[in-house]
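Engineer: My structure is below; once you've seen it, I'll send some questions.
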Amino acid sequence: MNFDLHQLIERFGAIGVGLGGAIEGESAVVIGGAIARTGAFSPWWAALAAFVGAWASCQLFFLVGRSQRDHRMVHSIVEKPVFARALGMIERHPRLFCFGFRFIYGFRVAGPVAISMSHIRARDFALLQMLSAAIWGPGLVWLGYAFGKQIMGIVKLLLTPANALLAAVLGMTALLLFVEWRRRRVMRARYLARVEAEGEAAEQRAI
């Protein structure tokens, strides 16, 4: 939820809601519904745009995953832990996952790519995720429209320079903490691997 996203929707109206939903996800569609409440554009057009943007973006991720498996972008998605979780869900409930992945946080990109590498046919995926997009898009627009005054108040509060600076500082701090945690984890994994290798070497010498 940032200033560029807010500008995108205010500038392009309902089309901006669809583009924001495809790029950013839930926050763009909810903000679009809140802006629609001010009379800037029709909430019906916003709902339609959110539906189209949600369906088209996930369809694109699916097609890229199925046709470009060796692409670097696809590899970067496959290497994430969420991808393995998505494959596990697909094995247990393939059709249910096709319908519901967009309602699970973190699966908006990994979900379609994982589905593309499964046995699920492209036609079935297109139909199931069209049905879910028809609920997801209009539902979030309605949420933003119903609570538009409160949401716009929060957006204006977050867009003040002081809060933007605070968010930047907190974000940088979180990033540094994550990098340090990651570094320690890698070092520990290397240490354990070295200890295990030395133990195996000692056993072989003893034999």
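Engineer: Kindly evaluate R92 against the criterion of being over 16 Å from S132 (Cβ atoms), out of contact with any strand residue (DSSP E or B) (no Cβ under 9 Å at 6 or more places or on another chain) and in the same structural domain as A28 (by TED's automatic domain parsing).
Structural biologist: yes
Engineer: Are there any pairs, at least 6 apart or on different chains, whose C-beta atoms fall under 8 Å, with the first in segment 170-181 and in a helix (DSSP H, G or I) and the second at pLDDT below 70, and if so, which?
Structural biologist: No pair meets every condition.
Engineer: Are there helices (runs of 4 or more DSSP H) fully within segment 1-111 with at least 2 residues that are at pLDDT below 85, within 15 Å of the chain's Cα centre (by Cα) and surrounded by 14 or more Cβ atoms within 10 Å (Cβ to Cβ)? List them.
Structural biologist: Numbers: elements: 3-12, 14-23, 26-37, 43-67, 72-78, 81-92, 94-100.
Once the helices (runs of 4 or more DSSP H) in segment 1-111 are filtered for at least 2 residues that are at pLDDT below 85, within 15 Å of the chain's Cα centre (by Cα) and surrounded by 14 or more Cβ atoms within 10 Å (Cβ to Cβ), what remains is 26-37.
The values are calculated or read from the model by the stated rules, or taken from the named source; none is laboratory data. Nothing here was measured: the structure is a model prediction, and the numbers come from that model. Quick reminder, even Gly has a Cβ in these numbers, built from the backbone with ideal geometry, and neighbours come from all protein chains shown.
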